[in-house]
Each structure stands twice: as C-alpha cells, then as structure tokens.
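**Q** First the structure, then my questions, so here it is.
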Amino acid sequence: MNLTINVSPTPKQLGENAAKAIASLLNEAIGRQGSARLVLSTGASQFETIEALLKEDVAWEKVEMFHLDEYVDLPESHIASFRKYLKERFVSKVSLKAAHFVNGEGDVGANIAALTKELQKAPVDVGVIGIGENGHIAFNDPPADFDTDLAYKVVDLDERCKKQQVGEGWFATVEDVPKQAITMCVKQIMSCRHIVTATPHPVKAEAVRNTITQPVQPAIPATILKTHPDWHLFLDEASASLLLPL
C-alpha cells in the first residue's frame, strides 16, 4: 500500500488540495503519453473538488472522462441524475477530448456493453473515487463484489445508501430512491493507475475510520483501496475526527 492522507481544516481547502493532486497526475499522464483518462465520481462530497478542479491548469482537450455510476431508469432531467450532475458542474465548463456517461435508461445491457468497450481501450490514469456513508465505493454497497471482472454491472442499493441520497437532498423519501443502479465494479476501479479520494463532512467520519482501521473486507468496500499502489486520501477535520492523530 502506498497511501497518503491529507487533512484540511475545511471542505473548501480539501477540494483545492484534492484538485491539485488530480491535476498534477493528469498533467503527468499527458506529458508521458500525450493524453489522459479520468474517472469522476459525484455526490455532495465532490462539490468542492470538482469546483476547484475547473480552476486548475490542465489541457482538458487531451483528457477523456468516464462516469462512475448512475441510477437505473432515472431520467437525466431528474435532480439526482449523475449525468446531469457531471454535465452541469464539469463537462459543460471544459473542452474535453471525450466524455462517456453511464446511461441507466433504455437498453441497459447494451449501454453497459458500449461503455465497457470504450473504457477498456486503454488504462485509466486517475480515478476520483469517493467513500459513501456505508463504506461503498461507487455503488458497490456492502457486501461488495471484489471478484467480478465486469467493468460495470447493475446492483441493488442498500438501505443506508438510499438514506444517504435522501440526506443529501437528491430525493424526498427513501421510497423515491431507485432500487438499482449501474456501477463501475471494484476490480475496474482498482485498475486505475492512481486513485484520489475526496471525503469531507462529519457524516463520513465513521466510514473513514472503518476504512482505515478495519481489515480489507467486502463488508466495508472502501477498505480495498488500501491495497492500491497509489491512493491519495483527502479528508477535512470533520471526516477525520474519529481517526487517531495522523
């Protein structure tokens, strides 16, 4: 494991520090191979990081972006759509080489197959991977499948994951949250050359503590990140509050 932990006083500073790390890794890849491939996560915990990333000096026209997950049968017009999230907050503000989205509408199997074909054309340089309140990475809720070789698959969402979506304001009630989502799978996430995790806010403190202190296990999916050769974890004081002094 090659883990670096950076603790900032505020979510804003966390986002700025994480964005600098992401930009540096993208620029290294561009310098080495002429282009870079990026996976972006979404959710309330990523607001500050994405906002700060837009201000970084990156040759975005040489960056190909992939989307991490999306709900099944949720229209893009819905406030909770992650396609909508990424297009409004990021893709519409930079000139990317390409942007590939997870589409949970229509023929989901065909959508996954087409996206997988694009994703597996070359390695991903930087994966921006958050940690959920239940310890999930993407929508790999516990117990997560650490073994599948699929790039993306349809999964059932657990109750704590649904409650997080309500708590963040994306849905009015748990019953409104879709029962299923398409997620990038664990092995595919772990194949990213570098992983940057931005995890602010007090609601993430338990998941952060469990991720760092507990053994690698499907019951705490984010623990698998500790086996990655280059993982950068960015916390704020609130999300780091249950850890011993670092």
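**Q** Quick one: how many Å² of Met184 are accessible to a 1.4 Å probe, rounded to 10?
**A** Ignoring ligands and nucleic acids, Met184 comes out at about 0 Å².
**Q** For a 30 Å ceiling on Cα separation, which of these pairs sit above it: Lys12/Lys84; Lys97/Lys162; Lys162/Lys187; Lys93/Lys226?
**A** Result: Lys97/Lys162; Lys93/Lys226 exceed 30 Å.
**Q** For segment 155-228, what does the accessible surface come to per residue with a 1.4 Å probe? Please give it in Å².
**A** So segment 155-228 comes to 40 Å² accessible per residue, rounded to a whole number.
**Q** Could you provide, to the nearest whole Å², the per residue accessible area of segment 46-144 with probe 1.4 Å?
**A** On a per-residue basis, segment 46-144 sits at 40 Å².
**Q** Asn17: net charge of surrounding residues, Cβ under 14 Å, Lys/Arg +1, Asp/Glu -1, itself excluded?
**A** It works out to a net charge of -3.
**Q** Please list the equivalent ellipsoid semi-axes of the chain, computed as the square roots of five times the alpha-carbon gyration tensor eigenvalues, in descending order and whole angstrom.
**A** Those come to 23, 23, 18 Å.
**Q** Once you have the Kirkwood Rh of segment 43-114 from its Cα pairs, apply Stokes-Einstein at 10 °C and 1.306 mPa s and quote D in µm²/s.
**A** After rounding, the answer is 121 µm²/s.
**Q** While we're looking at this one, here's another question. Would you kindly calculate the translational diffusion coefficient of segment 1-105, applying Stokes-Einstein with the Kirkwood radius from alpha carbon pairs, for 37 °C and a viscosity of 0.692 mPa s, and quote it in µm² s⁻¹ without decimals?
**A** Result for D is 225 µm²/s.
**Q** Here is a follow-up. Based only on Cα atoms, what mean projected area does the convex hull of segment 49-163 have, in nm²?
**A** 7.9 nm²
**Q** Here's another thing I want to ask about it. For segment 22-117, which whole percent of the accessible surface, found with a 1.4 angstrom probe, sits on carbon and sulfur atoms?
**A** Roughly 48 percent of what the probe reaches on segment 22-117 is carbon or sulfur.
**Q** Now for a different question. Helix-only mean residue ellipticity at 222 nm, the chain, DSSP H runs n ≥ 4 weighted -39,500 (n - 2.57), per residue, nearest 500. What is it?
**A** Value at 222 nm, helices only: -9000 deg cm²/dmol.
**Q** Tell me, what % of the accessible area of segment 122-217 is carbon and sulfur with a 1.4 angstrom probe?
**A** 52 percent
**Q** Still on this structure, I have one more. Could you calculate the contour length gain from Arg160 to Leu243, that is, 0.36 nm times the residue separation minus the distance between their Cα atoms, to one decimal place in nm?
**A** Residue separation times 0.36 nm, minus the Cα-Cα distance, leaves 27.7 nm.
**Q** May I pose another question? Over the Cα atoms of segment 110-218, what is the Rg over Rh ratio if Rh follows Kirkwood?
**A** Dividing the radius of gyration by the Kirkwood radius yields 0.97.
**Q** For segment 108-190, what relative contact order do you get, as a whole percent, if you take Cα pairs closer than 8 Å and at least 6 residues apart?
**A** Computed value for segment 108-190: 33 percent relative contact order.
The values are calculated or read from the model by the stated rules, or taken from the named source; none is laboratory data. Quantities reported herein were computed from a predicted structural model and do not represent experimental measurements. Counting neighbours? That spans all protein chains shown, and the Cβs are built from the backbone with ideal geometry, glycine included. Surface areas here come from the heavy atoms of the whole protein model, side chains and all, with no ligands, DNA or RNA. Shrake-Rupley method; radii C 1.70, N 1.55, O 1.52, S 1.80 Å.
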